[in-house]
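Encoded as structure tokens, the structure appears first; notes follow it.
The values are calculated or read from the model by the stated rules, or taken from the named source; none is laboratory data. What you see is a predicted model, and the numbers here were worked out from it, not measured in a lab. Here the Cβ positions follow ideal geometry from the backbone for every residue, glycine too, while neighbour counts run over all protein chains shown. Side chains are part of the model used for accessible areas, which takes the heavy atoms of the whole protein and leaves out ligands, DNA and RNA. Shrake-Rupley method; radii C 1.70, N 1.55, O 1.52, S 1.80 Å.
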Amino acid sequence: MQTIKELWGKTPDGKEIYKWTVTNRSGASVVLSNVGAAIVSINVPDRDGKLADVVMGYPDPLSYIGDGPCAGKIPGRVAGRIGGGRFTLDGKEYTLPVNNGPNHLHGGPEGFSNQVWEGREVGDAVEFMYYSPDGESGYPGNLKVVAHYAWNDDNVLELTITAETDAPTVVNLTNHTYFNLDGAGSGSVVDHILKMNCSEYLPTDEFLTPTGEIAPVAGTPLDFQTEKRIGDDLHKDFPALRIGKGFDGCWVIDGAQPGQLQTAAELYSPKSGRFLEITTDQPAAVMYTGNWLEGCPAGKYGATYHDYDAVAIECQHFPDSPNHPDFPSIELRPGQVYQEAIIWAFSVK
């Protein structure tokens with residue numbers, strides 16, 4: 001494994017943004033950055049052995065700060081929506097900045113994805129650390145987060161995220177990479193084939209905030225239990241699809257158990273032959289078909305991204321969990337260690 005670190009740019013206030021390129025024996029590589037602890041590129045072969053970058057991203061590192069899509073980054077302190085920007089913990093109500101209609105989304109405008117993390121090499125892996133002070137974006141407790149990325153010779157990228165706090169708080173972290181298995185900027189992903197190990201989903205209100213219900217996907221356009229072309233039901237007349245202008249919701253992973261890896265989803269491009277299996281120890285996967293990519297920052301390789309040009313599958317806890325006691329808890333207390341794993345395994349067929 002070869003790792004090359006480069007200075008990529010600086011923020012207006014002088015923080016240095018770096019990128020690390022990790023290349024395996026076959027020449028397949030990942031590019032990571034300390035801006036938002038981001039996955040910038042993943043270069044893997046198609047069925048003919050031709051390498052292409054399958055991750056949506058930008059050539060300018062400053063485009064990663066404050067971008068609408070949250071491309072490739074780790075959002076936090078809580079990924080997803082918190083309804084009304086409010087939650088109660090141990091009897092005290094906390095108010096968070098609202099940045100998505102009436103909701104707090106992905107940790108707010110100053111969330112983890114818009115911060116420059118500390119980065120270092122650890123053997124063949126690259127690790128990023130962010131220290132979130134008590135009160136940042138309204139959250140209680142000083143929180144230390146470490147994101148550990150390891151790439152191997154089998155074209156498997158493993159992300160382990162850990163966090164510790166000195167006071168009761170809430171934490172829900174994920175990675176927000178968008179994939180196009182034909183190559184970034186190559187056009188729409190509506191012809192990609194998706195299968196999700198999920199027989200249930202979370203219905204939402206008109207602001208995409210979970211209502212607290214858990215409903216079966218059977219008989220709805222949200223049923224990906226059997227592999228299906230993404231575009232087949234993308235614009236069906238169904239509340240969740242009308243509200244989000246496409247798929248943008250939370251699916252419950254079947255058989256999920258804390259600390260146990262489970263397949264969340266499989267994504268395949270018949271055109272390139274690239275196949276991606278995503279496994280995790282988290283209880284849910286948020287799937288988003290890039291319904292609002294139009295107008296986002298200029299893409300890599302001269303690409304201009306359009307709606308549905310990439311798909312994100314974000315393994316995490318349920319959105320708005322602090323406001324739904326029946327959902328799996330995202331509370332973290334002193335002495336506990338938050339830990340999450342997401343594994344992306346690339347192959348061809």
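Just the residues that are in contact (Cβ under 8 Å) with a residue 24 or more places away in the chain and open to solvent by 10 Å² or more (accessible area, probe 1.4 Å), please, taken from region 240-249. Listed by number, the residues that qualify are Ala240, Ile243, Lys245, Asp248, Gly249. Checking each residue in region 217-227 for being open to solvent by 80 Å² or more (accessible area, probe 1.4 Å) and within 16 Å of Asp191 (Cα to Cα) picks out Thr226, Glu227. State yes or no: is Gln257 polar (S, T, N, Q), within 19 Å of the chain's Cα centre (by Cα) and more than 20 Å from Asn103 (Cβ to Cβ)? No: the conditions fail for Gln257. A single member of Leu159, Leu202, Leu208, Leu234 is in contact with a helix residue (DSSP H, G or I) (Cβ under 9 Å, 6 or more places away or on another chain), among the hydrophobic types (A, V, I, L, M, F, W, C) and under 25 Å from Ser321 (Cβ atoms), and it is Leu208. Of the set (1) part of a loop (DSSP other than H, G, I, E, B); (2) open to solvent by 40 Å² or more (accessible area, probe 1.4 Å), all apply to Glu277 but (1).
Restricting attention to region 258-267 and to residues that are crowded, with 22+ Cβ neighbours inside 10 Å and in contact with a Leu (Cβ under 9 Å, 6 or more places away or on another chain), the residue that is farthest from Val348 (Cα to Cα) turns out to be Ala265.
Set side by side, the residues Pro109, Pro102, Pro75 differ, and just one is farther than 24 Å from Gln336 by Cβ and touching a helix residue (DSSP H, G or I) at 6+ places or on another chain (Cβ under 7 Å), which is Pro102.
Tell me, please, whether a residue that is at pLDDT 95 or above, within 20 Å of Cys70 (Cα to Cα) and open to solvent by 50 Å² or more (accessible area, probe 1.4 Å) can be found in region 303-323. Yes, region 303-323 contains a residue that is at pLDDT 95 or above, within 20 Å of Cys70 (Cα to Cα) and open to solvent by 50 Å² or more (accessible area, probe 1.4 Å). Could you identify the single residue in Gly295, Gly290, Gly299 that is on the phi > 0 side of the Ramachandran plot and either open to solvent by less than 30 Å² (accessible area, probe 1.4 Å) or touching a helix residue (DSSP H, G or I) at 6+ places or on another chain (Cβ under 7 Å) (or both)? Going through Gly295, Gly290, Gly299 in turn, just one is on the phi > 0 side of the Ramachandran plot and either open to solvent by less than 30 Å² (accessible area, probe 1.4 Å) or touching a helix residue (DSSP H, G or I) at 6+ places or on another chain (Cβ under 7 Å) (or both): Gly290. Here Asp326 meets the list (1) in contact (Cβ under 8 Å) with a residue 60 or more places away in the chain; (2) acidic (Asp, Glu); (3) under 29 Å from Asp233 (Cα atoms); (4) surrounded by fewer than 18 Cβ atoms within 10 Å (Cβ to Cβ) almost entirely, failing just condition (3).
For residues in region 194-221 being under 19 Å from the mean Cα position of the chain (by Cα) and not hydroxyl-bearing (Ser, Thr, Tyr), which is farthest from Thr280 (Cα to Cα)?
So the residue we want is Leu208.
Within region 9-67, the residues that satisfy the criterion of being open to solvent by 20 Å² or more (accessible area, probe 1.4 Å), of a type in the set (Asp, Glu) and either under 28 Å from Ser188 (Cα atoms) or not in a strand (DSSP E or B) (or both) are Asp13, Asp46, Asp48, Asp60. Residues in region 108-144 that are among the β-branched types (Val, Ile, Thr), touching a residue at least 40 places away in the same chain (Cβ under 8 Å) and more than 16 Å from Tyr64 (Cα to Cα): Val126 only. Residue pairs whose Cβ atoms lie under 9 Å apart, sitting 6 or more positions apart in sequence or on different chains, and linking a residue in region 1-29 that is over 19 Å from Ile42 (Cα atoms) to a partner that is aliphatic (A, V, I, L, M) and open to solvent by 80 Å² or more (accessible area, probe 1.4 Å), are Glu16/Leu7.
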